[in-house]
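K.L.:
I have a structure here, written as structure tokens, and I will follow up with some questions on it.
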Amino acid sequence: MIIVASSNGKVGISAAMAVLRNGGSAIDAVEAGIRLVESNPQDDTVGIGGIPNLLGQVELDASIMDGRTLAAGAVATLRGYEHPISIARKVMEELPHVLLAGSGAERFAAEMGFQRGELLTEKAREVWEERLRQAMPEAVLANLEGEPDLRQWVKRVRESRRSGGTVNFLAQGADGDICAGVSTSGQGWKYPGRVGDSPLIGAGNYADNRYGAAACTGLGEMAILAGTARSVVLYLKMGLSLEEAGRQAMEDLHALPAPYLGEMNIVALDRDGRHAAFSNREDRTYVYMTGEMDEPEELPRVLVPGDTTADLE
Ligand code: GLY
């Protein structure tokens, strides 16, 4: 039994392990761990407290993949629901679809009995507004909804440190089943409707019992273009070790063009329960916990530097 998560998953990893210890599935564990991160208002990249889009709306993306069946569910640009990971799971279980977006995802959430709630915290609203005040004239800010050139503000307003924070959970139960889950509020001050890598199976999330699983945090556009999570699993299938597979997937990002360069991080797990994580930034960490451990352990990620410093300024 093992759980691997991005470092902001610390608040949920013990609960996820408790689910496995009590006989729950890898899917149950991933959902339980991520729900606690989504409910953490201190995390301004996931769920409640997430930095909103340019118009001040919190839009959430999430996905979950079952490595035993290769089924998956996902939601994108979901507003007004605290737990997109649970709605993504319901998409997987209740519909012959993988991904629901926007108003359709919200309709489905209501149909499944999820309660609507306010996701924009006072703190996140203040951060959002302060940044807009720095970057744009008062007259534009006063009429953002009616702004005819909203697109011009995306590059001027966004901040690289809030470009792609996300939570990743990978779990393997005692039965060997693997599940991967991802949840995020996406890029702060994004253009409304922007979808990152987190709800896109193969980009931000992939799991296959036969080889392993991977998930991403960071600038989602990079993982979309390179199919990063699926790449790690394909490299495992080709016989690379976990460390080689992660490094190779990170190196694939070096071919991307300038507007898409930024931070990228991967967590990965192979079918034998070996874990590793990778980043193109120094000092990044991840957490893991096995069934024998009382507490999670935080470890450094393997640094795979590259020409990815053009970033978002
Ligand atoms: N990695 C999350 C995002 O780019 O939306």
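K.L.:
Compute a Gaussian network model of the chain, connecting alpha carbons closer than 10 Å, and tell me which residue from A213, A258, A15 fluctuates the most.
P.N.:
Sorting by GNM fluctuation, first place goes to A258.
K.L.:
Once you order the gyration tensor axes a ≥ b ≥ c over the Cα atoms, which shape class does segment 161-265 get: rounded for a/c under 1.5, otherwise prolate or oblate by comparing a/b with b/c?
P.N.:
On the way: a/c = 2.52, a/b = 1.42, b/c = 1.77.
Oblate shape, in that a/c is at least 1.5 and b/c is the bigger or equal ratio.
K.L.:
In addition: With a ≥ b ≥ c the root eigenvalues of the C-alpha gyration tensor of segment 18-122, is it rounded (a/c under 1.5), prolate (a/b larger than b/c) or oblate? Spell out each step's value before the answer.
P.N.:
On the way: a/c = 2.11, a/b = 1.32, b/c = 1.60.
In terms of gyration-tensor shape, oblate.
K.L.:
To the nearest Å, what is the center-to-center distance of segment 1-73 and segment 177-203, using C-alpha atoms only?
P.N.:
12
K.L.:
Can you tell me which lysines have their Cα less than 27 Å from the Cα of K10? Leave out same-chain residues fewer than eight positions away.
P.N.:
Of all the lysines, those that pass the test against K10 - Cα under 27 Å, at least 8 places apart if same chain - are K90, K123, K190.
K.L.:
Also, I was wondering about something else. Leaving ligands, DNA and RNA out of it, work out the accessible area of E243 with a 1.4 Å probe and give it in Å² to the nearest 10.
P.N.:
80
K.L.:
Taking only protein heavy atoms and a 1.4 Å probe, what accessible area per residue, in Å², does segment 195-313 have with all protein chains in place? Before the final figure, lay out each step's value.
P.N.:
Details: 4950 Å² over 119 residues.
Value for segment 195-313: 42 Å² per residue.
K.L.:
Express the carbon and sulfur contribution to the solvent-accessible surface of the chain as a percent, rounded to the nearest whole number, probe 1.4 angstrom. Before the final figure, lay out the partial values.
P.N.:
On the way: 6040 of 12690 Å².
Here carbon and sulfur together make up 48 percent of the probe-accessible area.
The values are calculated or read from the model by the stated rules, or taken from the named source; none is laboratory data. Only a predicted model underlies this, so the values are computations on that prediction, with no experimental measurement involved. Side chains are part of the model used for accessible areas, which takes the heavy atoms of the whole protein and leaves out ligands, DNA and RNA. Shrake-Rupley method; radii C 1.70, N 1.55, O 1.52, S 1.80 Å.
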